[in-house]
């Protein structure tokens, strides 16, 4: 089966610009998660979709971040406007059930805000 | 508070030596713990989880509720084990709570 796909793999943008990250989960996986790792810090949870609904968005840092999952398939994470502290690696993961054996992660998007 | 602590940022051992990557957690209730690994230029992947009680690539991890630990061990390290290792706890909302990771370097 195809894995979790994320693109772009890298993005360099200027402070104040907008960036949209995309994640395509494994087909049939209802659960989709976004995480990010800021330089020097741990991987932190951002939010969790079950199909197209936001199950938990407690990890979203502020209202500059907007995640969507229209139709319950792929998801986008938009950062608008981007700030320097948004730089990091953004991971997406999917799973069939929310209490399953573990997630399948994508390769991540490395975002650099300059 | 739900937290995972990996005290070592970097662990360097020689090939054939035993290795132990430490992980401590804080969680009220029955924890569900995982070890994830990220090899160079590869994605984060599940190595093992405590409820499986399995050994993957020679690695084992035992949950010690008394010490709130889930250390990862391997008796004889191989060069191909060099990678970033993350201990993770499933939070009460279902999401994963990660430690900061330990970079394992196995020297020839």
*Out of (1) within 10 Å of chain B (Cβ to nearest Cβ); (2) at pLDDT 95 or above; (3) in contact with a helix residue (DSSP H, G or I) (Cβ under 9 Å, 6 or more places away or on another chain), the odd one out for residue A:101 is which?*
(2)
*Any idea which of A:41, A:78 is surrounded by fewer than 16 Cβ atoms within 10 Å (Cβ to Cβ), within 12 Å of another protein chain (Cβ to nearest Cβ) and out of contact with any helix residue (DSSP H, G or I) (no Cβ under 6 Å at 6 or more places or on another chain)?*
A:41
*If you go through the stretch A:4-24 one residue at a time, do you hit one that is modelled with pLDDT of 95 or more, closer than 24 Å to residue B:92 by Cα, within 14 Å of chain B (Cβ to nearest Cβ) and surrounded by 19 or more Cβ atoms within 10 Å (Cβ to Cβ)?*
no
*Boolean, residue B:4 is at pLDDT 95 or above and closer than 18 Å to residue A:43 by Cα*: yes
*What's the number of the condition residue A:61 fails, among (1) within 14 Å of chain B (Cβ to nearest Cβ); (2) surrounded by fewer than 15 Cβ atoms within 10 Å (Cβ to Cβ); (3) in contact with a helix residue (DSSP H, G or I) (Cβ under 9 Å, 6 or more places away or on another chain)?*
(1)
*In the set A:31, A:62, which member is modelled with pLDDT under 95 and over 13 Å from the mean Cα position of the chain (by Cα)?*
A:62
*Odd one out for residue A:27, checked against (1) over 20 Å from residue A:94 (Cα atoms); (2) out of contact with any strand residue (DSSP E or B) (no Cβ under 9 Å at 6 or more places or on another chain)*: (1)
*asked:* Please return the ranges of strands (runs of 3 or more DSSP E) entirely within the stretch A:17-104 where 1 or more residues are in contact (Cβ under 8 Å) with a residue 40 or more places away in the chain.
replied: A:19-24, A:31-37, A:43-50, A:53-56, A:75-79, A:88-95
_Residue, nearest to residue A:51 (Cα to Cα), within the stretch A:1-16, restricted to residues that are out of contact with any helix residue (DSSP H, G or I) (no Cβ under 8 Å at 6 or more places or on another chain) and assigned to a loop (DSSP other than H, G, I, E, B)_ = A:4
*What number of residues within the stretch B:66-79 satisfy the criterion of being surrounded by fewer than 20 Cβ atoms within 10 Å (Cβ to Cβ) and touching a residue at least 24 places away in the same chain (Cβ under 8 Å)?*
9
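The values are calculated or read from the model by the stated rules, or taken from the named source; none is laboratory data. Just so it is clear, the model here is predicted, and its values are computed rather than measured. Don't worry about glycine lacking a Cβ; one is built from the backbone with ideal geometry, like all the others, and counts go over all protein chains shown.
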